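A quick write-up on the structure given underneath.
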Amino acid sequence: MSRRINLYLDRFEDGVAVLLTEGHEVSFPRGLLPSEARQGDHLVLMIDIDAAARDQASKEIRDLQKRLRKSGEQG
């Protein structure tokens, strides 16, 4: 399930965008914003869980653990 967050671009400080949302102030790297983003713009941030990447990372960790156990048993 994704989450949509509405943000207001309040200002820039030393390469950081200060965003306001739901009573919170969030610092966000300016370089990750669209190049045309300006002070006073309203932005939308979508957050999704990448289940496929999570599952792949879990599989890689399990495989590595198996290899380490095998090498520990041999040595």
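Would segment 56-67 turn up any residue that is surrounded by 10 or more Cβ atoms within 10 Å (Cβ to Cβ), among the small types (Gly, Ala, Ser) and modelled with pLDDT of 95 or more?
Yes, the conditions are met somewhere in segment 56-67.
Condition test on Gly15, is it loosely packed, with under 11 Cβ neighbours inside 10 Å, touching a Pro at 6+ places or on another chain (Cβ under 9 Å) and at pLDDT below 95?
Numbers: loosely packed, with under 11 Cβ neighbours inside 10 Å: yes; touching a Pro at 6+ places or on another chain (Cβ under 9 Å): yes; at pLDDT below 95: yes.
It is true that Gly15 is loosely packed, with under 11 Cβ neighbours inside 10 Å, touching a Pro at 6+ places or on another chain (Cβ under 9 Å) and at pLDDT below 95.
Any residue that is in contact (Cβ under 8 Å) with a residue 40 or more places away in the chain and assigned to a loop (DSSP other than H, G, I, E, B) - is there at least one of those in segment 1-19?
Taking segment 1-19 as the starting set, the residues that turn out to be in contact (Cβ under 8 Å) with a residue 40 or more places away in the chain are 1-5.
Okay, now just the ones that are also assigned to a loop (DSSP other than H, G, I, E, B), so 1-2.
Scanning segment 1-19, I find at least one residue that is in contact (Cβ under 8 Å) with a residue 40 or more places away in the chain and assigned to a loop (DSSP other than H, G, I, E, B), so the answer is yes.
The values are calculated or read from the model by the stated rules, or taken from the named source; none is laboratory data. In this text, all values refer to a predicted model and were calculated from it rather than measured experimentally. Here Cβ is always computed from backbone atoms with ideal geometry, including for glycine, and neighbour counts include all displayed protein chains.
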